[in-house]
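Beneath this line is the structure, given in structure tokens, with notes to follow.
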Amino acid sequence: MSQTRAAPDPLGAPGADAPRVSVVIPVRDRRELLSATLDALDAQTFTDFEVIVVDDGSSDGTFEMASNRSVAGRRVRCLRNPGRGAVAARQFACAHAHAPLLAFTDSDCAPVADWLALLVAAADRGADLVAGPTVPARAPRPLERTLSAGDDGGYPTCNVLYRRALFERAGGFQTGPHSRGMAGEIGMWEDTLMAWRLRRAGAVAAFEPGAVVRHHVFPPDLRDVLRRNWMGGGIPALVRDVPELRATMLRGRLFFGQRSRSLVYVMAAAVMVGRPRVALAALAGWAALRLRSDRAAGVTIADAARSLPAELAKDAVFTASLLRWSAQSRTLVL
């Protein structure tokens, strides 16, 4: 692929010493978390890469900190793209990248030391698109926010590598016809849509289980939890655009998420038809499943019990959002 640009890159045009990988990180107001991410990248066993940080309007000194850092023997390249969001920041970084391979992670993540080595090795074996697992940095407690992702076809941008020529040929991150309204409203799933456009065009996809990224665990914030669950309910629109996800992301090609949430539908239906005993039985079953799940994760019974009202509110909001988007996209996901 030609690396000639119509306008010169102000941070230095690519040349013979261009790296094999450009690692892209969007950020806003995460100085300390980003510093930890850069530390993890500086410890990589594979070193032929550059880091491009795109600051999206930080006011906490994030840009200044990153600008003074070096990773793997190269100065971190910092760009400003204020107030346009993470998707636009990633696109902006890719336009300034020097490498034939594009790797993505986030400012709340810490890749393990052989993360890049494993992703690049998969690309060297012929893969055009390589993903790895994302796991919480520690066991999350009730209502704490983190991310867990595996080989389910989601391809989140916290842990993925693309062959740049194919990425650019596909037009970068875009929305689909049915998820466009969802993405315009909440800015999600453009990474999944991108990966599946490439797969349908013949790109070779791989999953590297050892290329682990550890995701930060954020403290409880009920308002933020409810907002994110309302946003996350847009899964039906995504499935309408990528029907292959029914086989990889949904249980029984219909249900998304924890099994206990199925009882929320039973509760709602029982209330609507005037069957309070059935609703109470469903509530008891839901609470028992949630307590069992929390106990298995090492949460004390007292802490698990205190979190039940907020957990129920979270499940109710997510269920309502799923139903809304199922109706809007005419694709049922429960």
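A short reminder: the numbers here are calculations on the coordinates, not readings from a lab. Remember, predicted model here, so these are calculated numbers, not experimental data. Neighbour counts run over all protein chains shown; Cβ positions are idealised from the backbone, glycine included.
If you average the C-alpha positions of region 246-321 and of region 45-114 separately, how far apart do those two centres end up, in angstrom?
39
Fewest Cβ neighbours within 10 Å first, please rank GLU168, GLU311 accordingly.
So the ranking, lowest neighbour count to highest, is GLU168, GLU311.
Give the relative contact order (percent, whole number) for the chain; include only Cα pairs under 8 Å separated by 6+ residues.
16
Charges at C-beta only: +1 for Lys and Arg, -1 for Asp and Glu. How large is the resulting dipole of region 221-334 about its Cα centre, in Debye rounded to 20?
On the way: 18 positive and 8 negative charges, 58 e Å.
Using only the charged Cβ atoms, the result is roughly 280 debye.
Counting pairs of alpha carbon atoms under 8 Å apart in space and at least six apart in sequence, what relative contact order in percent does region 185-334 give? Each step should come with its number before you reach the end.
Details: 119 pairs, mean separation 50.8, N = 150.
Relative contact order of region 185-334: 34 percent.
Working from Cα positions, state the angle (0 to 90°, nearest 10) between the long axis of helix 31-42 and the longest principal axis of the chain.
Roughly 60 degrees, rounded to the nearest 10.
In what sequence do VAL54, VAL271 fall when counting other Cβ within 10 Å, fewest first?
Least to most surrounded, the residues fall as VAL271, VAL54.
In deg cm²/dmol, rounded to 500, what helix-only [θ] at 222 nm does the chain give when every DSSP H run of at least 4 residues adds -39500 (n - 2.57) and the total is split over its residues?
Only helices count here, giving -13000 deg cm²/dmol.
Step by step: find N for the chain, compute 2.2 N^0.38 Å, then divide the Cα radius of gyration by it. What's the final number?
Numbers: Rg = 21.3 Å, N = 334, 2.2 N^0.38 = 20.0 Å.
Here the Cα radius of gyration is 1.06 times the empirical estimate.
Treat the count of other C-beta atoms within 10 Å as a stand-in for reagent exposure and order ARG125, ARG163 from fewest to most.
With the fewest neighbours first, ARG125, ARG163 line up as ARG125, ARG163.
Could you give the angle, 0 to 90 degrees to the nearest 10, between helix 262-272's Cα long axis and the longest principal axis of the Cα atoms of the chain?
50
About the Cα centre of the chain, how large is the charge dipole given +1 on each Lys and Arg Cβ and -1 on each Asp and Glu Cβ? Please answer in debye to the nearest 20.
Dipole of the chain, to the nearest 20 debye: 1300 debye.
Of all DSSP beta bridges in the chain, what percent run antiparallel (nearest 5)?
40
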